[in-house]
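Heads up, the thing below is written out as structure tokens.
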Amino acid sequence: MEARRYLDVLSIVGRLKDTTRHCYTAKGRHESVAEHSFRAALMAYFLKDEFPEADMDKVIKMCLLHDLGEAFTGDIPSFEKTRADEKREEVLLHQWVASLPEEFSREMGMLYEEMEALQTTEAKIYKAIDGMEAVIQHNESDIKTWLPIEYELNQTYAEDKVAFSDYLKELRRTIRKDTVKKIEAAGA
């Protein structure tokens, strides 16, 4: 990729450092989309022994790429995001991906199709990680930052996404135990 084009691509991706998510960090500031994607990618890396049949390099790529559309739209919490919001993000992302050099445009396009279809083991792992990372982050944040809806949501979110894997179901149960302990400790 030509140097100027490379820097232009990185500038778009860099927006995710300043695009905040609904959730807070343990130290009380809004988490960025880039931070969420980074930890999701590391979660995939550390799960490779649990899924020897999966192409975990592909899962890591999915985790890194999955929220790139938010560089154009910002983050909208899942419980507020409408189909119109999803469509707008998808259109803007696909326009940007199509503008990339052909090699990257083709690979990213195929990854996004696979992620949306949720048929492969890799896509299912990425989607489960995405949901669980959000709950883990909430568990690490001050409960005072939680909205009322999140007391229940943090106990159930991503249940459907982990259903295909005994290991991920156990991991989700452990995360839920942390959620319940946090709620009980807060007297809520």
Any chance you could count how many residues in region 178-187 are more than 21 Å from the chain's Cα centre (by Cα) and surrounded by 11 or more Cβ atoms within 10 Å (Cβ to Cβ)? 5
Here are the criteria: (1) under 17 Å from the mean Cα position of the chain (by Cα); (2) in a loop (DSSP other than H, G, I, E, B); (3) among the polar types (S, T, N, Q). Tell me which single one Q119 does not satisfy. (1)
Please name all residue pairs, on different chains or six or more residues apart, with Cβ atoms under 7 Å, provided the first residue is in region 101-130 and is more than 17 Å from E90 (Cα to Cα) and the second residue is β-branched (V, I, T) and at pLDDT 95 or above. E122/V59; I125/V59; Y126/V59; A128/V162
Search result, residues across region 1-43 that are under 27 Å from K127 (Cβ atoms), exposed (fewer than 14 other Cβ atoms within 10 Å of the Cβ) and touching a residue at least 60 places away in the same chain (Cβ under 8 Å): A26
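The values are calculated or read from the model by the stated rules, or taken from the named source; none is laboratory data. In this text the structure is predicted, and so the values were computed from the model without any measurement. Heads up, the Cβs are rebuilt from the backbone with ideal geometry, glycines too, and the neighbour counts pull from every protein chain shown.
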